[in-house]
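Chemist: Handing you a structure now.
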Amino acid sequence: LEGARGALSAFIETPAEYEQAIAAALGDFVDAVLLDAPADPALDLLEGGTGRGALLPVGALKPVPIKLRPLDGEPGVLGEAGGLVEAPAELRPAVELLLQGVIVVQDRAAARRALEGQPAGARAVTLKGEVFYANGPIISGRGRQGGGQTLLSRRRQRREAAAAIEANRAETLAASQRLEAMAAEAERLRAEAQRLEAEREHARQEALLRARGLESARARLEGAERQARWNKEQIAQLEADQRARQEEAGRTADELARLAEQIEAARGALREQNAKLEALALDEPQAQQSHWATRLAVAERALQDAHARVEERRAGHARTLATLNGLAERLAGLEGALQGAAQETEQARAEEARLGALIHSLNERIEPAEARLTAQEEKLAAGQKEAGAARQQVSIAEQLHAQTRINLARRQEALLSLQRRIEDDFGLVAFEYVEQVSGPKPLPLMGMVEQLPFTQKLAPDIDENIKRLRAQLRRMGPVNPEAQAEYQEVRQRHAFLVEQTADLKQAEADIRQAIAELDDLMQREFHKTFEAVAAEFHQIFARLFGGGSARLVLTDPDDLTNTGIEIEARLPGRRVQGLALLSGGERSLTATALVFALLKVSPTPFCVLDEVDAMLDEANVGRFRELLRELSQQTQFVIVTHNRNTVQVADVIYGVTMGKDSASQVLSLKLDEISQVIE
């Protein structure tokens, strides 16, 4: 219809609590058609149909003011209806005409009080939609007022829905920004925690090295103390030997003096005998002389032997003195070394105390960082939850919006289809769709209004056409009374399938988006973990092999979801080789370095190693044992091995043997209880 703006309800707006009252006050005019052109075409349209409608020619409206008595301060009076409705300026005459003299009140008592002393054209409308006229009539119940309220609330509902969608989007954006900020803060705290952990690990390594140095110094100190005790024992024994030899030298000197006295006495006796010999006969004195000469020779020989023994004892005494002096000097050197070792021990203890204080301070710095990290992670989880709820609300709103558009398109397609079918079946009938139809619909034709033209003169062949059409109806057969029910069933089924299809498409899009987000997260985490493992693997490989280098290489860096990992190793004094070119022991040690790198990056509470040292020599087993002892601070290891050097690092040993009954027996031994077992 040319010049028709649409229904009045589409242009006016009122607060939600007044909608029912305003709809009751407007009555049939709530969906009146606003006309900018003359009303005759609209009247002709209504005259040709079976329904009724309200028309509002905007240019021809002439409001007649109704003078109401003042209502200020009266209880229960909410105001005049015209002041509670918002409308464009060019439509204010229509609003004033329809709501002139209408008072909006809370209840019936307030309506009766407000109408006292009012002119005959005044009306009072309660919030429940009851209309009281000043001259007595009352209109109540739920007739068209309910539909009018729905019409008035559509514009507000659309605006509120749009505002809610925008608010949800803004809240989602804000939540996403908070989520990103929390993620950045969490990443910063993780980096800080990693840095502090690295400092603590460095301090722990340094403390471990200092402790090892302290143990070595203690071992040297104990060796020096044992050597000093042995030297003191040797010195005491040498001093005792010296005293014994001095006593023996004294006895030898006494014996020499006694022998000298005996020799002098023998010589005196010999002289006396010689004097007597001269006076006596020669035979007997010669015999005595021979006797005494023999005794003199024996005494001289004994004296020479005694002098030789004395010289020998003097030489031994000199050697003993030299040995004693050397031992004294060595003892002095050992005492100096012992004092140096004691000083080193004190320094090591001081350094150990300093490192302990440093580790304690680092732990104090790490604990608040870990607490902040935990708080940020909780905030991050809450933000993610809020963002998920906001996304869900936006998704629901978008689904409702999409479903509404789908329903509108489906209704329009159904309308066009029915219009084409009706036009094919009834060629003489003209149909036109109008947005709002007042009054009851003449036919159930999905909102279309039927208009039949008037025929002033019948065609000459009208009888033949009637007969032909009747013959066609007979050929068509009886009418299917279940066609409408079948149509409604198929229509509902089609609508259900369309709705399910839309839901499935939306679910598919959501799942694909979640998969993309998970792929992105997995790639970031994989790259981060790979870098950390590669760095640890490089260091551990060099420690296990006593030099060399190794690195982890991605086979396809551009596709982290399908990439493989290769190991390139360069042993000390050799060129870079792949893992396949290494010997069995080298491959075993390389694999062990990779496993230890993984445990360094992500420690696990439990790890089982089955004869990983079977092909390693003693030097490699020693390095393997050191790393195993270091990693056992955070991970419990269960090792199956036949190597004695590896067994030395264990805390508990389990042995499996076969008993006399051919059944396996398990023996266990805790190394810290060996002393108790021996006792």
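Chemist: What does the extension gain come out to for MET658 and GLN633, with contour length at 0.36 nm per residue minus their alpha carbon separation?
Modeler: Contour length minus the Cα-Cα distance gives 5.6 nm.
Chemist: Largest first, how would GLU206, GLU47, GLU517 line up by accessible area (1.4 Å probe)?
Modeler: If we order GLU206, GLU47, GLU517 from most to least accessible, we get GLU47, GLU517, GLU206.
Chemist: When the chain is fully extended, how far beyond the present Cα-Cα distance does ALA236 get from ALA375, taking 0.36 nm per residue of separation?
Modeler: On the way: separation 139, 0.36 × 139 = 50.04 nm, distance 7.22 nm.
Additional length available on full extension: 42.8 nm.
Chemist: Sticking with the crude label model, points 7 Å out along Cα→Cβ, report the distance from GLU367 to PHE606 in nm, one decimal please.
Modeler: Computed distance between label sites GLU367 and PHE606 equals 3.1 nm.
Chemist: Based on the Cβ-Cβ distance of ARG271 and GLU329, what FRET efficiency does E = 1/(1 + (r/R0)^6) give at R0 = 41 Å, to the nearest 0.05?
Modeler: It comes to 0.15.
Chemist: 222 nm [θ] for the chain, helices only, -39500 (n - 2.57) per DSSP H run of 4+, per residue, to 500? List each step's numbers first, then the result.
Modeler: Details: 12 runs with 431 residues, N = 679.
Theoretical 222 nm ellipticity from helices: -23500 deg cm²/dmol.
Chemist: Also, I was wondering about something else. What nm distance separates the two modelled labels at GLU116 and LYS67, each placed 7 Å from Cα along Cα→Cβ?
Modeler: Between GLU116 and LYS67, the simple spin-label model gives 2.2 nm.
Chemist: Can you give the local net charge around VAL576? Use residues other than it whose beta-carbon is closer than 11 angstrom to its beta-carbon, Lys and Arg +1, Asp and Glu -1.
Modeler: With Lys, Arg at +1 and Asp, Glu at -1, the neighbours total +3.
Chemist: From the residues ALA120, ALA663, VAL649, which one has its Cα farthest along the dipole of the chain in the positive direction, the dipole being from +1 and -1 charges on Cβ of Lys/Arg and Asp/Glu about the Cα centre?
Modeler: Farthest towards the positive pole: ALA120.
Chemist: Right, here's the next one. Across the chain, where is the longest run that never hits chymotrypsin sites (Phe, Trp or Tyr not before Pro) in a DSSP loop with at most 14 other C-beta atoms within 10 Å?
Modeler: 1-425
Chemist: If you average the sequence gap of Cα pairs under 8 Å that are 6 or more apart and divide by the length of the range 1-122, what percent do you get for the contact order?
Modeler: Relative CO of the range 1-122 lands at 28 percent.
Chemist: Hey, of [x] 10, 20, 17, 14, 16, 10, 5, 4, 3, 2, 0, 0; [y] 15, 38, 17, 8, 7, 6, 5, 3, 0; [z] 16, 40, 27, 14, 3, 0, which did the structure itself give for P(r) over Cα pairs in 20 Å bins from 0, in percent when calculated?
Modeler: Computed from these coordinates, P(r) over Cα pairs in 20 Å bins from 0, in percent corresponds to label [x].
Chemist: For ILE359, tell me the accessible area in Å² from a 1.4 Å probe, rounded to the nearest 10.
Modeler: Solvent-accessible area, nearest 10 Å²: 40 Å².
Chemist: Anything over 26 Å Cα to Cα? Flag those among LYS379/LYS528; LYS385/LYS505; LYS385/LYS600, in the order listed.
Modeler: LYS385/LYS600
Chemist: I've got another one for you. Quick one: length gained pulling GLU201 to ARG245 fully straight, 0.36 nm per residue minus the C-alpha distance?
Modeler: So the extension gain works out to 9.4 nm.
Chemist: Can you tell me the dipole magnitude for the chain around its Cα centre, using point charges on the Cβ only (Lys, Arg +1; Asp, Glu -1), in Debye to the nearest 20? Working shown, then result.
Modeler: On the way: 84 positive and 104 negative charges, 281 e Å.
Here the size comes out at about 1340 debye.
Chemist: Another question about this same structure. Scan the chain and note any complete DSSP helix (H) whose C-alpha atoms cover at least 24 Å along its axis and whose Kyte-Doolittle average is 0.0 or more.
Modeler: Qualifying helices: 584-601.
Chemist: Quickly rank 504-511, 323-330 as a protection proxy: mean count of other C-beta atoms within 10 Å, highest first.
Modeler: The densest-packed peptide leads the list: 323-330, 504-511.
The values are calculated or read from the model by the stated rules, or taken from the named source; none is laboratory data. Given the structure is predicted, the values throughout are model-derived calculations rather than measurements. No Cβ is skipped: glycine too gets one built from the backbone with ideal geometry, and neighbour counts run over all protein chains shown. Note: areas computed on protein heavy atoms with side chains; ligands, DNA, RNA excluded. Shrake-Rupley method; radii C 1.70, N 1.55, O 1.52, S 1.80 Å.
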